[in-house]
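Below: one structure, written as structure tokens.
Quick note: the coordinates plus some simple rules give every number you see, no bench work behind them. Bear in mind the structure is a predicted one, so any value in this text is a computation, not a measurement. Cβ placement follows ideal geometry from the backbone for every residue including glycine, while neighbour counts extend to all protein chains displayed.
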Amino acid sequence: MSAARPFLSCACFFSENVFVGRYGLHVRYRDERQLRRDHGRALRERGCRSPRDFAELLREVTSGGGGGGGGEGGGSGVNCVSMYFYHPRCKDSFLAPEFLEIVRYCTSPDAHLDGLLRYTESYPEKRICRLPVFTEEFCQAFVDELENFEQSDMPKGRPNSMNNYGVLLNELGMDETFITPLREKYLRPITALLYPDLGGACLDSHKAFVVKYSLHEDLDLSSHYDNAEVTLNVSLGKEFTEGNLYFGEFRQDPNPVPRYLEIEHVRTQGLLHRGGHIHGALPIASGERWNLIVWMRSSAIRNQLCPMCNKKPELVEAEGFGDGFTGTLEDAAPETVNLCSLW
Ligand SMILES: O=C(O)CCC(=O)C(=O)O
Ligand SMILES: [Fe+2]
């Protein structure tokens, strides 16, 4: 990330797509009247009936931290997983050899989509792709480290507005050492072929976190779309049963064909999908499920239209990568991008 080109957020973060955990519902909030008018019925059906229920709801909605964003914290330093990235002998060793083979193919001069799809398991009608990403040893080391962090008394933010348990990786200082190189050097050649229409060749920022599900914590995740152009979701283990990921329709599809698809998580493997694809996670039945989620953003795409409010972004200052917008605060500069997609 260059200091000369700070990343920004869209003001809609505070008013659009605010997730109300207790009723499992995303709402838009301008003022109380609009909230009652637009969501009164859905809220009543979910049990928000008394004036006290409504007052508590209002408190939740106006307390900030809405949207798909979630708070971004500061870095807190040293971690052993970084050893994997710094140590000259360990270069690339955290990545599955099959993943490196795919990256090699995608960076070759004649690479094309069909060639890439031959290396991966894909669901072409949904434009979802499964691929091996990490080694077993790395997944184990990563989860161990996250557990150490979880048990420490270091300050922690929630991974996003929907998941209550997990870790924001920038809080561990892992953006620079781990996720940025992973996105720029390894993932971008792949996403350039898979999602050219979504800025797959110019994913220039991200929000990365690990989500955790267990029987006494979050069991599942409601249906939603991500604040991302492209999402990578890698299963890190540990041991669990059930907890499949499911997909419905694509948010921006003008003629949506509601075809439900359920996909199993396999430790060390990742799923690449469009951020705007509506999805959720089914409850686990036993064990603990940890997944690395990387919401990858293309400023060239989102500067034109904020994916959360579907309007030209109203830019506001932000920390770190913000929500991946760039430009001046008065105006989000439009950029051009190759909009042709082959699947
Ligand atoms: O738990 C999962 O596999 C999905 C998580 C997810 O969709 C998200 O955090 O955006
Ligand atoms: Fe998601």
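For the reader, a short list of remarks on this structure follows.
- Potential lengthening of the chain between A201 and T62 amounts to 46.4 nm, from the contour at 0.36 nm per residue minus the alpha-carbon distance.
- Length added when fully stretched, N164-N148, from 0.36 nm per residue minus Cα-Cα: 4.0 nm
- Mean residue ellipticity (222 nm) of the chain, computed from DSSP H runs ≥ 4 via -39,500 (n - 2.57), nearest 500: -6500 deg cm²/dmol
- Highest average packing first - 99-108, 218-227, Cβ atoms within 10 Å: 218-227, 99-108
- Computed magnitude of the charge dipole of the chain (debye, nearest 20; Cβ of K, R +1, Cβ of D, E -1): 900 debye
- Top positive-direction residue, dipole computed over the chain with Cβ charges, set G199, V294, G320: G199
- FRET efficiency for the pair R41 and Q304, taken as 1/(1 + (r/R0)^6) with r the Cβ-Cβ distance and R0 = 25 Å, rounds to 0.15.
- With a simple spin-label model that places each label point 7 Å from the Cα along the Cα-to-Cβ direction, the separation between L100 and E176 comes to 2.6 nm.
- The angle between the Cα long axis of helix 32-45 and the main principal axis of the chain comes to about 80°, on a 0 to 90 degree scale.
- The stretch between A285 and K185, if pulled fully straight at 0.36 nm per residue, gains 32.3 nm over its current Cα-Cα span.
- ³J(HN,Hα) computed for each position of the range 211-216 - Karplus, 6.51 cos²θ - 1.76 cosθ + 1.60, integer Hz, glycine/proline x: 9, 10, 10, 8, 5, 9
- Axis angle, to the nearest 10 degrees, between helix 51-62 and the longest C-alpha principal axis of the chain: 40 degrees.
- The calculated FRET efficiency for the pair L117 and Q140, based on their C-beta separation and a Förster distance of 25 Å, comes to about 0.25.
- Dipole of the range 8-51, positive direction: furthest Cα of F19, H39, S50, with charges on the beta-carbon: S50
- Inter-label distance, Y260 to R28: 2.7 nm, where each label sits 7 Å from its Cα along the C-beta direction.
- Between the helical axis of 97-106 and the longest alpha-carbon principal axis of the chain there is an angle of about 90 degrees.
- Percentage, to the nearest whole number, of Cα pairs in the chain over 39 Å apart: 11 percent
- Between E217 and D110, the FRET efficiency estimated from the beta carbon spacing at R0 = 51 angstrom works out to 0.60.
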